[in-house]
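Asker: My questions all concern the structure below.
The values are calculated or read from the model by the stated rules, or taken from the named source; none is laboratory data. In this text the structure is predicted, and so the values were computed from the model without any measurement. Cβ: placed from backbone, ideal geometry, glycine included. Neighbour counts: every protein chain shown.
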Amino acid sequence: MEIGRLREGVRARSKLLLKGPGGDDVLPGEAAEAVFRAASSLRPSVILLGATRNGRETASRLAAKLGWRCASEVSKVTAKAGELAAERSVYAGKVVASVACALPAVATVKTGSYQRSDAEGGTVEEADVGAVDGAVRLLSRKKKEAGGPDLKKARVIVSAGRGVKRKEDLPLLEGLARDMGGALGCSRPLSSDLGWLPEECHIGLTGVTVKPEVYVAVGISGQLQHIAGMKDSKIVVAINTDRSAPIFQASDYGIVGDLYQVVPALRKALAARKGPAPAA
Amino acid sequence: MRIAVCVKHAVDEAELKAGSDGAPVLAGAACKMSTFDKNAVEEALRLKSAHSGEVVAVTAGPADARRTLKEALAMGADRGVIVGTDAPSADTSRTAGLLAAAVRKAGPFDLVICSEGSSDTYSGQVPPMLAEALGVPYVGYARKLQVDGSVARAERLLEDSVEEVEAPVPLVVSVVSEINEPRYPTLIQIMQASKKQVEEYSQDQLGVPTRPASVRVTHMAMQTSNRKRVTVEGSPEEAASRLVQALEREGVL
Ligand SMILES: Cc1cc2nc3c(=O)[nH]c(=O)nc-3n(C[C@H](O)[C@H](O)[C@H](O)COP(=O)(O)OP(=O)(O)OC[C@H]3O[C@@H](n4cnc5c(N)ncnc54)[C@H](O)[C@@H]3O)c2cc1C
């Protein structure tokens, strides 16, 4: 387990390798206990973790063990004058809250809110925290198939929602995504409830956060939890039969219509654009 | 099997409105049972029907939170426990402390089920903190849960992997919404829920001292969106070609 020790300027100067818990198989409870032991002697004023599921769990348990405060899913973190201050998004992304708490504190940092530092170097120290024996036993760990496209890198995303009636209709949207040089994403119900697309295709609060040049929401109502994952897109397009669907409020261009008519028409219009220019 | 299920009376984010200062109006805002808590209640009921026993719904919140308890009772929980508190929801360690004390008093339980995070503030801290406060094992983000005698087995759903784990009872488990489809109570169940027992514990009774809030919210502002909101009119064909032109003008095609 590796821990970047953060100093002024938030750059990992030295890394601390905690020895004791087993390699890749560390569960959050064991990680929390190991870091707790290290923190008890190192006495840092802030411990930051990534706000992944395991990160959130580890941070909460660590804070409970240390008796420190814990801030979740924060960005724009500062720590000065004995206080940690940060921003976080609440009420499904509808509200931005500024939060503060006294140091020392634990916080989980919202994934994607900082540029990844690839600064090499620094020193690596090792600390033996002793064996950590959690009550939870890992029986197996399966990596999910990375079947889906990398939506974070896609320039264009066409996103399918519940307005799509059958799984068999998805190729229509996939085709549109291809025509536009992009990838197919979806709202949560399509992956989590219906299982039509892999979990990593779902965009939103509990899924991936994306910022493509163009985001085309097809048959998506635009609930807050979905908007939270695509609101920073450059241009948002919505196709929906319901004129009053909230997605139109979060879009630059909206077409009120049946996706089964609009998407084929759009594909034709895109093909015509690429085709030979009509003779004058 | 004796199961406690923790539920939160959460601000309904969809109904939240901005005040004249641009901040959300939280005083008197509409509340509902936190969305994924229904999955937690459903899982508790499912386990009860497989093993028999009792399901107790526990909440920490203001008096109005009784409505959320009642919803859990209508779904099928046997009784409810409320710890009256006006502590802000950002004070997760306090909430976990109150819930732990209430669970101890109303227990013992084999299993405490929570949802992975609440639909209002979604910080996901209370369930692991509750396990720490109770001094029992914790399994987070379960999408499958099974109890076999004194051993619980679960599948943890993570971003990039799925883990199968096992832990001894008693324990705290948090569930993700993929675990089940929550039932809707019938009208009769809703009526019967009023007859079920709800016990109120005061903070004094539980002996949980009040402390200054751990994390404070210093400012709130509604997210603003400055989208163009242009409706592209016409038949599907007309709208499609107008949209393509608009995207060309934007320089994104
Ligand atoms: C804590 C929490 C976290 C969540 N996280 C996420 C998340 O990360 N991502 C996410 O997406 N959701 C998330 N959700 C769920 C979210 O609240 C919504 O339920 C979900 O986004 C709705 O998906 P949808 O828009 O596809 O479906 P619906 O809301 O059912 O909308 C379907 C839309 O399709 C339109 N439609 C129907 N037929 C047609 C047609 N023929 N042509 C065109 N339009 C049509 C309808 O008018 C409707 O607007 C979360 C919920 C909670 C409580």
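Asker: Scan the stretch B:203-230 for residues that are of a type outside the set (Asp, Glu) and more than 7 Å from chain A (Cβ to nearest Cβ) and jot them down.
Answerer: Of all residues in the stretch B:203-230, those of a type outside the set (Asp, Glu) come to B:203, B:205-230.
B:GLN203, B:GLN205, B:LEU206, B:GLY207, B:VAL208, B:PRO209, B:THR210, B:ARG211, B:PRO212, B:ALA213, B:THR224, B:ASN226 - these are the residues of the stretch B:203-230 that are of a type outside the set (Asp, Glu) and more than 7 Å from chain A (Cβ to nearest Cβ).
Asker: Another question, then. Of all residues in the stretch B:211-241, which are touching a strand residue (DSSP E or B) at 6+ places or on another chain (Cβ under 7 Å), assigned to a loop (DSSP other than H, G, I, E, B) and touching a residue at least 12 places away in the same chain (Cβ under 8 Å)?
Answerer: B:SER214, B:VAL215, B:VAL232
Asker: So A:VAL96 ticks every box in (1) surrounded by fewer than 21 Cβ atoms within 10 Å (Cβ to Cβ); (2) modelled with pLDDT of 95 or more but one. Which box is left unticked?
Answerer: Exception for A:VAL96: condition (2).
Asker: Would it be correct to say that A:ALA81 is surrounded by fewer than 20 Cβ atoms within 10 Å (Cβ to Cβ) and modelled with pLDDT of 95 or more?
Answerer: no
Asker: Do you know which residues across the stretch A:204-217 are touching a Ser or Thr at 6+ places or on another chain (Cβ under 6 Å) and within 9 Å of the ligand (Cβ to nearest atom)?
Answerer: Across the stretch A:204-217, the qualifying residue is only A:ALA217.
Asker: Going through the stretch B:203-233 one residue at a time, which ones are touching a helix residue (DSSP H, G or I) at 6+ places or on another chain (Cβ under 8 Å) and either surrounded by 14 or more Cβ atoms within 10 Å (Cβ to Cβ) or at pLDDT 95 or above (or both)?
Answerer: Passing the criteria: B:GLN203, B:LEU206, B:VAL208, B:ALA213, B:SER214, B:VAL215, B:ARG227, B:ARG229, B:VAL230, B:THR231, B:VAL232.
Here's the yes/no breakdown for (1) modelled with pLDDT of 95 or more; (2) farther than 28 Å from A:ASP25 by Cβ; (3) hydrophobic (A, V, I, L, M, F, W, C):
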site	(1), (2), (3)
A:GLY134	no, no, no
A:ALA146	no, no, yes
A:ASP150	no, no, no
A:VAL156	yes, yes, yes
A:SER159	yes, yes, no
A:LYS167	yes, yes, no
A:LEU172	yes, yes, yes
A:LEU176	yes, yes, yes
A:GLY185	yes, yes, no
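Asker: Also, I was wondering about something else. Output the residues belonging to the stretch A:218-236 that are in contact with a Ser or Thr (Cβ under 6 Å, 6 or more places away or on another chain) and within 22 Å of A:LEU172 (Cα to Cα).
Answerer: Passing the criteria: A:ILE220, A:HIS226, A:VAL236.
Asker: Restricting to the stretch A:183-200, name every residue that is within 11 Å of the ligand (Cβ to nearest atom), in contact with a helix residue (DSSP H, G or I) (Cβ under 6 Å, 6 or more places away or on another chain) and not in a loop (DSSP other than H, G, I, E, B).
Answerer: Selection gives A:GLY185, A:CYS186, A:SER191, A:SER192, A:GLU199.
Asker: Here's another thing I want to ask about it. With the structure loaded, tell me whether B:VAL112 is more than 14 Å from chain A (Cβ to nearest Cβ), in contact with a Cys (Cβ under 9 Å, 6 or more places away or on another chain) and either of a type outside the set (Ser, Thr, Tyr) or crowded, with 21+ Cβ neighbours inside 10 Å (or both) or whether it fails that test.
Answerer: Numbers: more than 14 Å from chain A (Cβ to nearest Cβ): yes; in contact with a Cys (Cβ under 9 Å, 6 or more places away or on another chain): yes; either of a type outside the set (Ser, Thr, Tyr) or crowded, with 21+ Cβ neighbours inside 10 Å (or both): yes.
Criteria met by B:VAL112.
Asker: If you don't mind, another one. Which is within 26 Å of A:PRO246 (Cα to Cα) and at pLDDT 90 or above, of B:GLU200, B:GLU237?
Answerer: B:GLU237
Asker: Could you say whether any residue in the stretch A:157-171 is loosely packed, with under 15 Cβ neighbours inside 10 Å, among the aliphatic types (A, V, I, L, M) and either within 14 Å of chain B (Cβ to nearest Cβ) or within 15 Å of the ligand (Cβ to nearest atom) (or both)?
Answerer: no
Asker: What about A:VAL95, is it β-branched (Val, Ile, Thr) and in contact (Cβ under 8 Å) with a residue 24 or more places away in the chain?
Answerer: For A:VAL95, the condition - β-branched (Val, Ile, Thr) and in contact (Cβ under 8 Å) with a residue 24 or more places away in the chain - is not met.
Asker: Going through A:ILE220, A:ILE239 one at a time, which residue ends up being among the aliphatic types (A, V, I, L, M), away from chain B (no Cβ under 12 Å), near the ligand (Cβ under 9 Å from one of its atoms) and more than 22 Å from B:LEU157 (Cβ to Cβ)?
Answerer: Values: A:ILE239 fails: away from chain B (no Cβ under 12 Å).
Matching residue, one of A:ILE220, A:ILE239: A:ILE220.
Asker: Could you please find all residues in the stretch B:160-200 being free of Cβ contacts under 8 Å to residues at least 12 places away in the same chain and hydrophobic (A, V, I, L, M, F, W, C)?
Answerer: B:LEU187, B:ILE188, B:MET191
Asker: If you don't mind, there's one more thing I want to ask. In the stretch B:131-175, how many residues are facing chain A (nearest Cβ under 9 Å) and not in a strand (DSSP E or B)?
Answerer: Counting residues in the stretch B:131-175 that are facing chain A (nearest Cβ under 9 Å) and not in a strand (DSSP E or B) gives 8.
Asker: Which residues, taken from the stretch B:134-155, are more than 14 Å from the ligand (Cβ to nearest atom) and buried (at least 21 other Cβ atoms within 10 Å of the Cβ)?
Answerer: B:LEU134, B:PRO137, B:TYR138, B:VAL139, B:GLY140, B:ALA142, B:ALA152, B:ALA154, B:GLU155
Asker: Taking B:SER123 and the conditions (1) of a type in the set (Gly, Ala, Ser); (2) in contact (Cβ under 8 Å) with a residue 40 or more places away in the chain; (3) under 14 Å from B:ALA96 (Cα atoms), which numbered condition does it fall short on, given that it satisfies the others?
Answerer: (2)
Asker: Here is a further query. Among the residues of the stretch B:177-188, are any over 20 Å from the mean Cα position of the chain (by Cα) and within 12 Å of chain A (Cβ to nearest Cβ)? So that I can check it myself, show each step before the final result.
Answerer: As a first pass, look at the stretch B:177-188 and keep what is over 20 Å from the mean Cα position of the chain (by Cα): B:186-188.
Pick out the ones that are also within 12 Å of chain A (Cβ to nearest Cβ) and you get none.
Scanning the stretch B:177-188 turns up no residue that is over 20 Å from the mean Cα position of the chain (by Cα) and within 12 Å of chain A (Cβ to nearest Cβ).
Asker: Moving to a separate point now. Would you be able to say whether some residue in the stretch A:137-151 is within 16 Å of the ligand (Cβ to nearest atom) and surrounded by 15 or more Cβ atoms within 10 Å (Cβ to Cβ)? Working first, answer last.
Answerer: Going residue by residue through the stretch A:137-151, those that are within 16 Å of the ligand (Cβ to nearest atom) are A:148, A:151.
When the remaining residues are screened for being surrounded by 15 or more Cβ atoms within 10 Å (Cβ to Cβ), the result is A:148, A:151.
Yes: the stretch A:137-151 contains one or more residues that are within 16 Å of the ligand (Cβ to nearest atom) and surrounded by 15 or more Cβ atoms within 10 Å (Cβ to Cβ).
Asker: When only residues in the stretch B:2-24 that are more than 10 Å from chain A (Cβ to nearest Cβ) and modelled with pLDDT of 95 or more count, which is surrounded by the fewest Cβ atoms within 10 Å (Cβ to Cβ)?
Answerer: So, considering only residues that are more than 10 Å from chain A (Cβ to nearest Cβ) and modelled with pLDDT of 95 or more, the one surrounded by the fewest Cβ atoms within 10 Å (Cβ to Cβ) is B:ARG2.
Asker: For the stretch A:242-256: of the residues being assigned to a strand (DSSP E or B) and surrounded by 22 or more Cβ atoms within 10 Å (Cβ to Cβ), which is nearest to the ligand (Cβ to nearest atom)?
Answerer: A:ILE255
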